[in-house]
Amino acid sequence: MLLAHIAAVDRAYQMMSFEGRDFGEGEKDAAILGGLTMGKEGMPPPTGQCLDTLLAELDASRSLTLETFKTKDDGWLASRMPAPYHDMNHHWAWFHVMEDEVSHRGQIRLLRKHVAPEKKE
């Protein structure tokens with residue numbers, strides 16, 4: 001679920017930052033909202049997917065982010081996000097995405113340590 005959440009955060013901020021729109025308008029947006037909220041707000045949680053599928057989605061979302069960043073400059077990063085996100089700039093938004101991911105990667109490491117500890121030889 002945490003991997004799906006990380007990818008969903010990336011996708012949601014792509015929509016807000018790169019496309020200038022909010023999510024929640026289409027069928028794919030509903031899947032993103034399920035991952036974003038981890039099943040809260042009446043959306044189905046992102047469960048039942050195999051690890052390869054989750055990693056592929058995370059790789060695809062991050063690849064799109066990095067490719068789009070190559071087309072942007074520091075002026076764009078400092079510019080305000082389109083309405084209704086006028087109270088933040090792109091730099092703040094993407095810093096938040098990375099901060100969220102770092103936090104969840106720490107949770108994943110902790111879970112892996114306690115659920116499937118490495119075997120000592």
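The values are calculated or read from the model by the stated rules, or taken from the named source; none is laboratory data. Note that this is a predicted model, so its numbers are computed, not measured. When we count neighbours, we look across all protein chains shown, and the Cβ atoms used for this are built from the backbone with ideal geometry, even at glycine.
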* Asked: Mind checking which residues of the range 48-78 are outside any helix (DSSP H, G or I) and at pLDDT 95 or above?
  -> Lys70, Thr71, Lys72, Asp73
* Pick from the range 17-38 the residues that are touching a Leu at 6+ places or on another chain (Cβ under 9 Å) and on the phi > 0 side of the Ramachandran plot: which of them is modelled with the lowest pLDDT? -> Gly24
* Just give me the residues in the range 5-24 being part of a helix (DSSP H, G or I), touching a residue at least 24 places away in the same chain (Cβ under 8 Å) and either farther than 9 Å from Ser61 by Cα or among the polar types (S, T, N, Q) (or both), in sequence order. => His5, Ile6, Val9, Ala12, Tyr13, Gln14, Met16, Ser17, Phe18
* Please state which of the following conditions Trp94 fails to meet, knowing it meets all the rest: (1) surrounded by 14 or more Cβ atoms within 10 Å (Cβ to Cβ); (2) touching a helix residue (DSSP H, G or I) at 6+ places or on another chain (Cβ under 6 Å). => (2)
* Structure fact -> Residue hits (the range 63-81; surrounded by 10 or more Cβ atoms within 10 Å (Cβ to Cβ) and farther than 20 Å from Ala8 by Cα) are Lys72, Trp76, Leu77, Ala78, Ser79, Arg80
